[in-house]
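Q: Following this message is one structure expressed as C-alpha cells.
The values are calculated or read from the model by the stated rules, or taken from the named source; none is laboratory data. Small disclaimer: the values here were computed from a predicted structure and weren't measured. Glycine also receives a Cβ, built like all others from the backbone with ideal geometry; neighbour counts cover every protein chain displayed.
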Amino acid sequence: MEKQVSCEHLKPGMYVSQLDRPWVETPFLFQGFFIQGSEDMDALRKHCHYVYIDAERGADVEQEIASPASGQKIAAKPALCPNQAVTYEDTVSFEDEFPTAKKNHQQVCTLMNSIMEEVQAGRKLNTAAAREIVNKTMPGILRNPNTFMWLSRLKKQDSYTYTHCVDACTLAIAFGRHLGLPREELETLAQGTLLADIGKMKIPPTILQKKTRLIPEEFALIKKHVHYTVEILKKTEGISEEIIEVAYHHHERYNGSGYPQGLGGDDIPLYARMAAIADCYDAMTSNRPYAKALSPHTAIQKLYEFRNVDFQDELVEQFVQCLGAYPVGTLVELSTGQVGVVLAQNRVRRLRPQVMILLDANKKTCSSYSVINLLHELDDEEGNPLMITNVLEAGAYGINPRDFYL
C-alpha cells in the first residue's frame, strides 16, 4: 500500500516507491529503494517535498524502526536473514588488506584452474584445493570485502570459466556477509557457488567458447552441466548435501522459468537463490565469448529489471545494498571533470566511495594515480562540492582497469 509522506517525516527502513517529480530529474540511481540512513533522507529532502512509500515492503509512518547503526539490516522480509544474524565490521583498510588479498586471489585462481583441468582430464575433484580456495578467500572478505571485489574486476579475457567460479564465490561470500550469515553457513554458500559450474568441464570447449548464439541443441547440452556437477559432487567425499543443493539449483529462476527442475519462488533453496544472483552479476560484468562486459552500474540496472522474474525482489534489493550505489570497479566522472574507478565502498555513506583518479579534468591520463576518499574530501581545490556526477560505461575513454593494477 502506497502512502504520500512529507520528506520531513522520513525514517530509515522506509521503501520509497515514487517521488514528487520524475526520477530522471534526480540523482537517484534506482526507481525505488530502501532508506538506509541520514544521507538518503538528506538527498530526498534536497530534491523533493514529498515522496510515496510502500508500507508493505518497508516501514510505515507510525512504525518504530531500529537505526541501521545498531547493526540490524533493513530487509523487506526478515526471513531472508538467519535467526541469529552476525554483524561484520570492516576491520582493516583497503590499503592494508590489498597486498594479502592480491596474493591470495592469484593463488586461488591458479588453484581453481588446476581443479578444472583435473576434472576435465577425468580425475577426481580436489576437495582439499576447493576448501583452500574458500579458506584463502573468506577471511579477507570478512575483514574488508572491497579488496577481493576490486580484484574480481581485473579479469583476463581468456580465463572466464575458472575466474568466474572464483569471482562468483567472492560475490556470494560478500552477499552472505551483508545478510549476517554465520561463518559455517557462509562456507556452505561459498563452496556451493564455487563448484556450481564444475560440470562444464564435461561440455565440449567448442560450445563453451562459441561466439555466436547457441542453437537449441547446444543450449540443451549446456544445461546438462548442472547434472554433471551433481554427479561429480556426489562421488566426492566431504561435499555436503547443502553444497550440492546450491550448485544444483543455481540456474533456477524465481518465476519458474529456470532449470533443471523449473522450481519457482521459495521452492528454490535460499542459498541457491543467492548464488544465482552472484553468478548472474559476475557473468554480466565479465567479457564472455559471446558478450562484452557490462559496467557494474548497468549490470545492477539489469538485476532490477529481473526482480520477481528471474530473482527474488528482496534478495536483489539486498544484493544491491551489499554492492553499494557505485559498485567496486565502476568508472565514474567527478564534478571536477576527473575520471576514476571506484576502489572501495564507504559503508556509512554509500554515495561517497573511495575513487582512484585515472584521468584529469581534460581527460588526459594522470602521471600518478591518487585515491580520493569522498567520505572525507567534500570539496575540490576551489571550494566547490566534490561529488560523483556521472557513471561511465565499461571501457569509456579507453580505460581498462587491468592497466591500473595496483
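Q: Taking the stated definitions as given, is residue 306 crowded, with 22+ Cβ neighbours inside 10 Å and either in contact with a Phe, Trp or Tyr (Cβ under 8 Å, 6 or more places away or on another chain) or not small (Gly, Ala, Ser) (or both)?
A: no
Q: When residue 226 is evaluated against the numbered criteria (1) surrounded by fewer than 20 Cβ atoms within 10 Å (Cβ to Cβ); (2) farther than 21 Å from residue 109 by Cβ, which criterion, by number, is the only one it fails?
A: (1)
Listed here are the residues, each with its yes/no results for (1) in contact with a Leu (Cβ under 7 Å, 6 or more places away or on another chain); (2) of a type in the set (Lys, Arg); (3) over 19 Å from residue 153 (Cβ atoms); (4) without any contact (Cβ under 8 Å) to a residue 24 or more places away in the chain.
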{"residue": "274", "(1), (2), (3), (4)": "yes, no, yes, no"}
{"residue": "284", "(1), (2), (3), (4)": "yes, no, no, yes"}
{"residue": "362", "(1), (2), (3), (4)": "no, no, yes, no"}
{"residue": "375", "(1), (2), (3), (4)": "no, no, yes, no"}
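Q: Scan the range 96-108 for residues that are in contact (Cβ under 8 Å) with a residue 60 or more places away in the chain and closer than 15 Å to residue 345 by Cα and jot them down.
A: The one that is in contact (Cβ under 8 Å) with a residue 60 or more places away in the chain and closer than 15 Å to residue 345 by Cα: 98.
Q: Filter the range 60-95 down to the residues that are surrounded by 13 or more Cβ atoms within 10 Å (Cβ to Cβ) and modelled with pLDDT of 80 or more and list them by number.
A: 60, 86, 88, 90, 92, 93, 94, 95
Q: Right, next: Residue by residue through the range 252-292, note down the ones that are small (Gly, Ala, Ser), under 18 Å from the mean Cα position of the chain (by Cα) and crowded, with 18+ Cβ neighbours inside 10 Å.
A: Hits for the range 252-292 are 272, 275, 276, 278, 286.
Q: Still on this structure: Kindly provide the set of residues from the range 170-219 that are within 20 Å of residue 287 (Cα to Cα) and of a type in the set (Gly, Ala, Ser), ordered by number.
A: Matches in the range 170-219: 172, 196.
Q: In the range 132-203, which helices (runs of 4 or more DSSP H) lie fully inside it and hold 3 or more residues that are surrounded by fewer than 24 Cβ atoms within 10 Å (Cβ to Cβ)?
A: Of the helices (runs of 4 or more DSSP H) lying wholly inside the range 132-203, those with at least 3 residues that are surrounded by fewer than 24 Cβ atoms within 10 Å (Cβ to Cβ) span 160-179, 183-194.
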